[in-house]
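The values are calculated or read from the model by the stated rules, or taken from the named source; none is laboratory data. Treat the numbers as computed from the prediction; the structure is a model and nothing was measured. FYI the Cβ positions are ideal-geometry reconstructions off the backbone, even for glycines, and counts take in every protein chain you see.
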């Protein structure tokens, strides 16, 4: 990208996020989490069980390396959490896309995605106690 097309990383929205970008990431996180907890079925999920059985550093690595491509993003989520994931998490996924388009900063979107994934650490840590 940088050498072949002679375009900077900013053309990919890879720039240092502003304080406003981080602030809006926290607002979006609150909205996405509220929807997720309201819409999510309150049942045991094999995918959650697999993730919480991983080591805490493994889950942190999983959270921080979440894929950006739509197909690569959706496929493992449906495999791990089932097709119902599309309903109760689609709003959050669309929020990530909207956040990227509005804030024009991929790093801030990655931060928001990390925040959205971070609550999986709660049952992971509890499973280790």
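Details
- Flag for residue 75 being at negative phi and modelled with pLDDT of 85 or more: no
- Residue match in the range 93-109 (condition: at pLDDT below 85, surrounded by 12 or more Cβ atoms within 10 Å (Cβ to Cβ) and under 23 Å from residue 123 (Cβ atoms)): yes
- Residue under evaluation residue 116, criteria (1) at pLDDT 90 or above; (2) surrounded by 15 or more Cβ atoms within 10 Å (Cβ to Cβ), criterion not met: (1)
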